[in-house]
Structure formats: C-alpha cells, structure tokens
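Right, one structure below, let's go through it.
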Amino acid sequence: MPLMTPKLIQDIKKAFEAQKENTGNQDAAIAKIAMDLGMAIDSYVRSGTVITTVITNPGQAVAAPPPGVGSTVSPGTGTGNGAVT
C-alpha cells in the first residue's frame, strides 16, 4: 500500500487546529503540537508497505524441510513484502 499522504495532511491540520484558540500556556501548546505532529509522522511512515526483491546465488547453503541441509544449484529470485514497524 502506498503511503497515506492525505491522512498525514489531515492529522497535521488537526494538530494545529487543536491549538488555534489556545491562549494559555504556550510551552504546553508547543509540546502538544510537537507530540501530535510526531504521532502523525510516525503513523504516516508506518502506513507504507516494503517490497523487496530476493536473489539466491548458486551454491548457497539452505535448510530444507524435512530436516536436512542442501545447497542451491541454480540462481533463484523471489519477492517479499511487509509492513514498516
């Protein structure tokens, strides 16, 4: 899944709007905006999917089920994906 930019924009806007009317402690307001922005950015980065390409060269040792050890005899390729954590 691609990164969710519209949600990041929405979360950043929400962080600033939450402090728009704040006339109290400015240090607390700044800390709250920083926390909200940090959480929005963290959520944005974790929304992506990592996709990788794997290449297995001949002669690499492999563990194969049933239990045993072998080695590759020809090149192999594959792909994998996962979430950013």
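Coordinate-derived values only; no laboratory data. Being a predicted model, the structure only gives us computed values, none of them experimental. Quick reminder, even Gly has a Cβ in these numbers, built from the backbone with ideal geometry, and neighbours come from all protein chains shown.
Whole-Å semi-axes of region 9-50's equivalent ellipsoid, largest first, each the root of 5 times a Cα gyration tensor eigenvalue?
Here the semi-axes work out to 25, 10, 4 Å.
Between residue 32 and residue 85, how many nm apart are label points set 7 Å from Cα along the C-beta direction?
Using points 7 Å along Cα→Cβ, the separation is 3.4 nm.
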